[in-house]
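One structure below.
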Amino acid sequence: MPEATITIIDNINGEIRRHGMSQEMFCNLIGIDRSTYRSWQSRGEMPATKLLKCAEILGCSMDYLARDVKP
């Protein structure tokens, strides 16, 4: 059975839930539209500048958000 692929977006979504935020609220905090976030979800990636902003908002490191991600 193939191993499930984990993306940075999956880890961010987990942290969003852990912080009790909606995706809409989170998108507002990082300054993007939900459609942009959905696009990143479908690709499984996001710009590094926004990843840094996500880490700041979620109170963690970019390394933490990239944990268990397979290239």
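The values are calculated or read from the model by the stated rules, or taken from the named source; none is laboratory data. No experiment lies behind these values; they were computed from the predicted model shown. Cβ atoms come from the backbone with ideal geometry, glycine included; neighbour counts cover every protein chain shown. Quick note on the areas: whole protein, heavy atoms, side chains included, nothing else; ligands and nucleic acids left out. Shrake-Rupley method; radii C 1.70, N 1.55, O 1.52, S 1.80 Å.
Per-structure values
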read-out: Unmet requirement for ASP33, which otherwise passes all of (1) open to solvent by 80 Å² or more (accessible area, probe 1.4 Å); (2) closer than 18 Å to ARG18 by Cβ; (3) without any contact (Cβ under 8 Å) to a residue 12 or more places away in the chain; value: (2)
read-out: Residue pairs meeting the criteria (Cβ under 8 Å; at least 6 apart or on separate chains; first at positive phi, in the range 55-69; second buried (at least 16 other Cβ atoms within 10 Å of the Cβ)); value: ASP68/ASN11
read-out: Every residue from the range 1-44 that is under 20 Å from GLU56 (Cβ atoms) and either among the aromatic types (Phe, Trp, Tyr) or in a loop (DSSP other than H, G, I, E, B) (or both); value: THR7, HIS19, GLY20, MET21, SER22, PHE26, GLY31, ILE32, ASP33, TYR37, TRP40
read-out: Test: LEU52 is more than 15 Å from THR5 (Cα to Cα) and open to solvent by 70 Å² or more (accessible area, probe 1.4 Å); value: yes
read-out: Residue among SER42, SER61 that alone is modelled with pLDDT under 95, polar (S, T, N, Q) and open to solvent by 90 Å² or more (accessible area, probe 1.4 Å); value: SER42
read-out: Residues located in the range 13-52, provided they are out of contact with any helix residue (DSSP H, G or I) (no Cβ under 7 Å at 6 or more places or on another chain) and among the small types (Gly, Ala, Ser); value: GLY14, GLY20, SER22, GLY31, SER35, SER39, SER42, ALA48
read-out: In the range 1-30, the residues that are of a type in the set (A, V, I, L, M), open to solvent by less than 50 Å² (accessible area, probe 1.4 Å) and without any contact (Cβ under 8 Å) to a residue 24 or more places away in the chain; value: MET21
read-out: Residue within the range 30-44 that is at positive phi and within 12 Å of the chain's Cα centre (by Cα) present; value: yes
